[in-house]
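The structure appears right after this line, and notes come after that.
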Amino acid sequence: MPEITEWRDRIWRYRLIGSRCGGCGSTYYPPRNSRCLKCGGDLEEVELPRRGKLLSYTVVYQAPTLYKYSTPYIVGYIELLDGTRLFAMLTDVEPDEVRVGMELEATLRKLYTYGESGHIVYGVKFRPAVG
Amino acid sequence: MPEITEWRDRIWRYRLIGSRCGGCGSTYYPPRNSRCLKCGGDLEEVELPRRGKLLSYTVVYQAPTLYKYSTPYIVGYIELLDGTRLFAMLTDVEPDEVRVGMELEATLRKLYTYGESGHIVYGVKFRPAVG
Amino acid sequence: MEGIVAVGYGLVRVGEYWAKDIVSLAADAASMALDMAKQPSVDALYVGSALSGALGIQGNLAIHVADELGFADGLAVNISAGGASSGLAVLSGIDRLLSGSAEYVLVGGVEKVSDNLPSDVLEAILIDIDRRVLKYSGLTDAGLAAIMARLYMEEYGVSKEKITSLSVLDHENGVNNPYAMFRRAVSLDMAMSAPLVADPLTIFDVAPYGDGAAFLVLTTKEKALEEGLDYMEFLGYGVARNRVPISHRSNLLSFDASAEAASVALSRANISIDSLRFVELFDNFSITGVLALEALGLSGSGSGADDVWSGKFNLDRQVSVDIMGGLKARGHPIGATGAYQLCEAFMRFEEAPRREYGLVHMMSGFDDQAIVFVVGGGGSA
Amino acid sequence: MEGIVAVGYGLVRVGEYWAKDIVSLAADAASMALDMAKQPSVDALYVGSALSGALGIQGNLAIHVADELGFADGLAVNISAGGASSGLAVLSGIDRLLSGSAEYVLVGGVEKVSDNLPSDVLEAILIDIDRRVLKYSGLTDAGLAAIMARLYMEEYGVSKEKITSLSVLDHENGVNNPYAMFRRAVSLDMAMSAPLVADPLTIFDVAPYGDGAAFLVLTTKEKALEEGLDYMEFLGYGVARNRVPISHRSNLLSFDASAEAASVALSRANISIDSLRFVELFDNFSITGVLALEALGLSGSGSGADDVWSGKFNLDRQVSVDIMGGLKARGHPIGATGAYQLCEAFMRFEEAPRREYGLVHMMSGFDDQAIVFVVGGGGSA
Ligand SMILES: [Zn+2]
Ligand SMILES: [Zn+2]
């Protein structure tokens, strides 16, 4: 019943919660529970900016079971406005429209459904930014 | 897809195939691929006797997922006519009718069904011996 | 293993941690152990976990725990060996110290079972123990213990009550353990009349699975003395295996691996069994605790349950068993349980005369692999 | 680690073993290693397997392999640490020898992926590497490699062809490896135009998962000389870790753990990188092989792909890379791959001048934990 682990992570996944260091300002996503990797400073939870740009991406053709009906889909390596880096699926964009450097914004979408329980897991995806 | 491991084991599971030692006659179920534990002798595959007697048993009330719709069910520790010992589910008998020492015989039955694929796994169970 | 000691222990109360993930749980226990050892620079981390991979929680846990603790570098080994997971983590850490490749190691285990349905946990456990024997017969681990209990009762003419009296003792002793899952005494009547898990075993014959994490910091005795740290000393250990699959054994009631491991451990420690003040059994079931008692040499064959029943191993007796509640009262976070047992032994030495000896027994499956440690108190006090 | 040697190796050809279960597969490889070592009495067994528990095949494999081999007693440790599983098994076995607790150890790994659907294997792998990062983003391991490849191409202005030329080299070299999954050369054109796994990576940029088992018998050099056994010597090793989750790294293209592990290994072996005759990369993807080349110090940053493309590491050059086909041609039985690499190094020393040195690089995840061994030939001849 992996649903429980998904439920536990829902807040940081839905709201793009990361960790920010009180000492050097470094940010981390997913959030860390312990200390800053760079300066050892204390970390606090923070809502990250929902805009960023695409550093790199791939189009996945061979997917794990949970995503097998979504292929081909695009996953990006994204840098948010405050410098935080993360991986997330791209949506509302076709593979041939994707460009490194494009502006993106976060949006809450369905990630996958568990076949047995029918439980739907939501999370953040990124789409081309408007305006 | 655990069905493949079940399929690989089907012959020894359906036909009660064990290993017999050419040296000391010891038998093993499930079959061993290597040597006799008692004398180091070579082992050969052999069809084991399908009758035996009950050495001990339990009635399972808290079952693993695959068997959860079968509770309560009885599992026996059985000594076959040639001395081979094994564990198998008992069938065609109620918990209050089971007695240590009772005579049993093997029968091929359904063990469980995989929810997702609908694949049914068969195996040997034991029932009270007739005659 | 001359001169290996634990200088810190850390653990969380066994239970259900809905809001915590497995890595944080491990880090909480590990941090406590590191604090007690005065934050040494750790060279290697060994994490035992039986089911974190099988339950889809997180594989290769050790590197994630290391990162969470902020260990920038250094070895992180993940051991998955059922109930022996954290015992083997401790042993591997000891080897690393003895090989001269490390000065401090952090060893222990973590398990998270509340993230999954109980029936899914049971299924993972049976595949972990022996897929071929358990999956095709419908046996659970409790079912196998129940078959052993009935055999034992038939073979020795012993009543079920006497076997279950070990669970009563566990609960009595667990009252004093702040990290125990259950801290209340239970009557034999209550234990006997509780719901059946696998006939004749009730829920009180079966150690409850729980979430948990426990870690120890190990170093050399020389280093501990140099730093003025209190310690628990590892005086000897033994490891042995019994036959798997279990249907190939000639006698289900003979825990040969536990017997061999204890004999080797005591002989290496040069301590006789009569000198022990306490023994921690890996009593994942009342019956397996009884069989372990007999294998370790504390009771004769068929008299283990009688001895427990008669009070021979109570807290006020010469050799006490399961002084912190055993697996029944403390709870059984599978791959972490062995580390809990060692933490509890260390806690005992903090409060009791330091010239005592204890024996800690661990195993995977049903005596499939047994590890026995003989430990003693020590330190600056 | 002075004086530790391998005196036997055993492996099966990587592939799909429909009719064999995981325990038999391991036993086949282990028996071959034991035969070559003239059937010594083994004190401890260390088995690495990344997914046997997660895929529901059999947990706690080591005790089952031990039983299958007829080892009546002795330690059996099961290590589950992704691609580093068998490397850590080797390391733990070395520690046990160095601690003086064993005279011979059997170490290696086994993986069985053909028992499951490819998409289920992929899912198990992503949970094994980092559940939080991969599961919620839909990334596969190949997807992450693809993101690295695109970054590399952008950052250094390198063409995809040059990255993929490492796969072409692997296939060229794999022709001579009797245990390789694929023993045929491929052209760059074929590799480039093959079906995409994760754009821009095609199936020829991705090492194929396969069933496999590989084991080595280790002992002390003293013992090997006494028994007149040929050996491969472990001259030095290093272990290091990079940050997990991978999104917390400041530079995805810098394999810091591999760099640190190699530097420590070479320095402990007292050998300069120029003295190496061959290097085995853990190239689970063409791009990770290229990044490893740079981290190990064989190529400058951004010039690894150029160097491979230009033929700098071909078989006839001073330092050859992936002489037995690397992960691409030999195949990638995840938890067993590290043991394959060491077996192949041993095979090389049997046929080549014995005064050569080789470096073997292994890792879990994407440089999450790296292990580097420096090895040399030796023996009575
Ligand atoms: Zn900071
Ligand atoms: Zn025999």
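Key figures
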| quantity | calculated |
| --- | --- |
| Assigned charges on the beta-carbon of Lys, Arg, Asp, Glu; the protein assembly as shown dipole about Cα centre (debye) | 1020 |
| Average partner coverage of C:10-21, which counts Cβ from other chains inside 10 Å | 1 |
| Using a Förster distance of 41 Å, the FRET efficiency for C:Glu154-A:Tyr114 (Cβ separation, nearest 0.05) | 0.35 |
| Relative contact order of chain C, pairs being alpha-carbon contacts under 8 Å that are 6 or more residues apart, as % | 26 |
| Residue and distance (whole Å) for the chain A Cβ nearest the axis that superposes A on B | A:Glu116, 4 |
| Inter-probe distance in nm under a simple model that places probes 7 Å from Cα toward Cβ, at C:Asp73 and B:Tyr122 | 6.2 |
| The stretch C:7-55: trypsin sites (Lys or Arg not before Pro) in DSSP loop, at most 12 other beta carbons within 10 Å | C:Lys38 |
| Residue among D:Ala149, D:Ser86, D:Val7 farthest towards the positive dipole end of chain D, charges placed on Cβ | D:Ala149 |
| Charged-residue dipole, Cβ positions (Lys, Arg, Asp, Glu), chain B about Cα centre, Debye nearest 20 | 180 |
| Helix C:286-296 axis, angle to chain C major axis (alpha carbon atoms, nearest 10°) | 70 |
| For chain C, built as a Gaussian network whose Cα springs stay under 10 Å, the top-fluctuating residue of C:Glu226, C:Glu280, C:Glu356 | C:Glu226 |
| Positive-end residue of B:Leu66, B:Val121, B:Phe87, charge dipole of the stretch B:49-131 with Cβ unit charges | B:Val121 |
| Neighbouring partner chain Cβ atoms per residue of D:63-73, average, 10 Å criterion | 6 |
| Inter-copy label distances at D:Ser254 (7 Å, Cα→Cβ; nm, one decimal) | 6.2 |
| Cα centre as origin, Lys/Arg/Asp/Glu Cβ charges: the stretch C:1-84 dipole, Debye | 180 |
| Helix D:118-137 vs. chain D, principal-axis angle (Cα, 0 to 90°, nearest 10) | 70 |
| Paramagnetic reach from A:Thr107 (point 7 Å along Cα→Cβ, amide N under 19 Å) across the stretch A:64-96 | A:70-81, A:87-96 |
| Among C:Met324, C:Ser250, C:Thr337 - extreme Cα towards positive end, dipole of the stretch C:206-365, charges at beta-carbon | C:Ser250 |
| Amide proton proximity set for B:Ser56, modelled H, under 5 Å, gap of 5+ | B:Tyr77 |
| Filtered chymotrypsin sites (Phe, Trp or Tyr not before Pro), the stretch A:95-131: DSSP coil and at most 14 other beta carbons within 10 Å | A:Tyr114 |
| Angle in degrees between helix D:141-156 and the longest Cα principal axis of chain D, rounded to the nearest 10 | 50 |
| Trypsin sites (Lys or Arg not before Pro) restricted to the stretch D:273-348 and DSSP loop, no more than 15 other C-beta within 10 Å | D:Arg317 |
| Exam field: C:Ser275 pseudo-label spacings to other copies (7 Å along Cα-Cβ), nanometres | 4.9 |
| Inter-copy label distances at D:Leu225 (7 Å, Cα→Cβ; nm, one decimal) | 3.5 |
| At R0 = 25 Å, FRET efficiency that the Cβ-Cβ distance of B:Glu97 and B:Thr71 yields, to 0.05 | 0.90 |
| Spatial separation of Cα centroids for the stretch A:56-72 and the stretch C:206-270, in angstrom | 46 |
| Helical contribution to [θ] at 222 nm, DSSP H n ≥ 4, -39,500 (n - 2.57), averaged over the protein assembly as shown, rounded to 500 | -9500 deg cm²/dmol |
| Most fluctuating residue given options C:Ala33, C:Ala214, C:Ala240, as computed from a GNM of chain C linking Cα atoms under 10 Å | C:Ala240 |
| Test item: B:77-89 mean partner chain Cβ contacts at 10 Å | 4 |
| Among the listed pairs D:Lys20/D:Lys328; D:Lys221/D:Lys312; C:Lys112/D:Lys328; D:Lys135/D:Lys162, those beyond 28 Å (Cα-Cα) | D:Lys221/D:Lys312; C:Lys112/D:Lys328; D:Lys135/D:Lys162 |
| D:Ser41-B:Glu44 FRET efficiency (beta carbon distance; Förster radius 22 Å; 0.05 resolution) | 0.25 |
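Throughout, read-outs are computed from the coordinates displayed, never taken from laboratory work. Keep in mind it's a predicted model, so treat the numbers as computed, not measured. Methodologically, a virtual Cβ is constructed for each residue, glycine included, from the backbone with ideal geometry; neighbour enumeration extends over all protein chains shown.
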